[in-house]
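Single-structure report; data block below.
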Amino acid sequence: MWLALGVVLAVVCVLLVARPFLREPAPSDDSLRAPGREEEVRIALAEERDRALAALKELEFDQRTGKVSAEDYRALVGPLRRRAAEALRAQERGQRAPEEERVGAGHS
């Protein structure tokens, strides 16, 4: 009898401890919100950066494999590098702007 009582007590304890892990948590709010203006700009800059770097990488690969001549490579690589650099600078300015606003607001 004591053994059965011990087993029942052990099962009850295990269930009480495991209960929070076994039930599905209820989300407080599962709706997706549209990105704000700043987030849209950040996403657009990241996409432009990725496109520019991918085009540059593809051009370099094509030049190494002989699909693009040295003359064509020299003609195309400059504009692609400028485009990638501009995208990186724009993204950097976009990430730095909120910090500068917070720092400026703290000094006023």
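The values are calculated or read from the model by the stated rules, or taken from the named source; none is laboratory data. None of the values given here were measured: they were computed from a predicted structure. Cβ atoms come from the backbone with ideal geometry, glycine included; neighbour counts cover every protein chain shown. Protein only, heavy atoms only, side chains kept; ligands, DNA and RNA dropped before computing areas. Shrake-Rupley method; radii C 1.70, N 1.55, O 1.52, S 1.80 Å.
Restricting attention to the range 3-51, the residues that are at pLDDT below 85 and in a helix (DSSP H, G or I) add up to 3. Here LEU59, LEU45, LEU9, LEU16 are screened, and the one residue that is aliphatic (A, V, I, L, M) and in contact (Cβ under 8 Å) with a residue 40 or more places away in the chain is LEU45. Among the residues of the range 15-46, just one is surrounded by 12 or more Cβ atoms within 10 Å (Cβ to Cβ) and of a type in the set (D, E, K, R), namely ARG42.
Just need a number here: residues in the range 47-92 that are among the acidic types (Asp, Glu) and open to solvent by 90 Å² or more (accessible area, probe 1.4 Å). First the steps, then the outcome.
Start the filter on the range 47-92 by keeping residues that are among the acidic types (Asp, Glu), which leaves 47-48, 50, 58, 60, 62, 71-72, 86, 92.
Filter again for open to solvent by 90 Å² or more (accessible area, probe 1.4 Å), leaving 47, 58, 71, 86, 92.
Qualifying residue count for the region: 5.
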